[in-house]
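One structure is given here, and the rest of the page talks about it.
The values are calculated or read from the model by the stated rules, or taken from the named source; none is laboratory data. Here the structure is a predicted model, which is why all the values come from computation and not from measurement. Cβ placement follows ideal geometry from the backbone for every residue including glycine, while neighbour counts extend to all protein chains displayed. Ligands, DNA and RNA are stripped out before the accessible areas are found, and what is left, the full protein with its side chains, is counted by its heavy atoms. Shrake-Rupley method; radii C 1.70, N 1.55, O 1.52, S 1.80 Å.
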Amino acid sequence: MRELAGQYPRYGYRRIRIFLQRAGHAMSADRAHRLWRQAALQVPRRRPRRRAAASRPRPLPSTMRNHVWAYDFVFDTCANGQTLKCLTIIDE
């Protein structure tokens, strides 16, 4: 049972019991559960998915000139292999 649990860590005692039955070790579900607990086996918990914060404040739109600026670096390669790096700035 430990071998199968190590090979298939996401499988619980019910599915491991089916593998054991196929191998010729027939047992009831209660006995499989009891042996699972005696061996101190566990299915690892799933980690919760990271979610975006719902209460994140949204940025205010620009109300006048020179209020909000956006900048970014743009990279490109020339025909001769040189790297071209350009800073783009926009007044929103």
Helix 29-38 against the longest principal axis of the chain: what's the angle in degrees, Cα atoms only, rounded to the nearest 10? 70 degrees
Cα-Cα pairs in the range 35-92 separated by more than 13 Å, as a whole percent of all pairs, come to 80 percent
How much accessible area per residue does the range 18-92 have, counting only protein heavy atoms and a probe of 1.4 Å, in square angstrom? 100 Å²
Heavy-atom accessible surface of the chain: percent carbon and sulfur, 1.4 Å: 50 percent
Once Lys and Arg get +1 and Asp and Glu get -1 on their Cβ, which of 19, 8, 81 lies farthest toward the positive end of the dipole of the chain? 19
Determine the dipole magnitude for the chain: charges of +1 sit on the beta-carbon of Lys and Arg, -1 on that of Asp and Glu, nothing else is charged, the reference point is the Cα centre, and the result goes in debye to the nearest 20. 1100 debye
Taking Rh as the Kirkwood radius computed over C-alpha pairs, what is the Stokes-Einstein D of the range 1-76 at 25 °C in a medium of viscosity 0.890 mPa s, expressed in µm² per second? 139 µm²/s
Just need the relative contact order of the chain here, percent rounded to a whole number, with Cα pairs under 8 Å and 6+ apart. 20 percent
Provide the per-residue ³J(HN,Hα) series for the range 4-19, in order, calculated from phi with Karplus coefficients 6.51, -1.76, 1.60 and θ = phi - 60°, each as a whole number of Hz, with x at glycine and proline positions. 5, 5, x, 6, 10, x, 8, 8, x, 5, 5, 6, 5, 4, 5, 4
